[in-house]
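The structure appears below as structure tokens.
Just so it is clear, none of the values below were taken in a lab; they were calculated from the coordinates. Note that this is a predicted model, so its numbers are computed, not measured. So basically every Cβ, Gly included, is an ideal-geometry build from the backbone, and we count neighbours across all protein chains shown.
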Amino acid sequence: MSWAALLGLCAISYGLKGVGPLLAGGRQLGPRLRLTLNLVPVPLLAALILLQTLSTGHRLVLDARTPALGVAALLVWRRVPFLVVVLAAAATAALLRALA
């Protein structure tokens, strides 16, 4: 994904956020729709992380970043503080690169 596409999608997202209240006309969103809209950023961010971690151009790349991402995912799932997650993932990648 190119930077131009990413910036374009960000601009569209913020534009829609700004236009939403105008289109709703002061009405409140239903609780079901609000919950659904709150869940949308999670899979989008996960897809972006996977794409940036596992690809180079049009190729799948499995290197030290892959197990580091797994360590980070496991620690996030265990609700470990974010700084610990980042340090553990970086240490995993560094260790694997040093051993390779």
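Can you list residue pairs whose Cβ atoms sit under 6 Å apart, with the first residue in the range 76-96 being farther than 15 Å from ALA64 by Cβ and the second being assigned to a helix (DSSP H, G or I) and not β-branched (Val, Ile, Thr)? Count only pairs 6 or more apart in sequence or on different chains. Once the first residue is farther than 15 Å from ALA64 by Cβ and sits in the range 76-96, its partners that are assigned to a helix (DSSP H, G or I) and not β-branched (Val, Ile, Thr) give VAL85/ALA72; VAL85/LEU75.
If you check THR66 against the conditions, is it surrounded by 12 or more Cβ atoms within 10 Å (Cβ to Cβ), closer than 30 Å to LEU7 by Cβ, of a type in the set (S, T, N, Q) and in contact with a Lys or Arg (Cβ under 7 Å, 6 or more places away or on another chain)? When the stated conditions are applied, THR66 does not pass them. When the range 1-41 is filtered for residues that are small (Gly, Ala, Ser) and either surrounded by 10 or more Cβ atoms within 10 Å (Cβ to Cβ) or touching a Cys at 6+ places or on another chain (Cβ under 8 Å) (or both), the ones remaining, listed by number, are GLY8, ALA11, SER13, GLY15, GLY20, ALA24.
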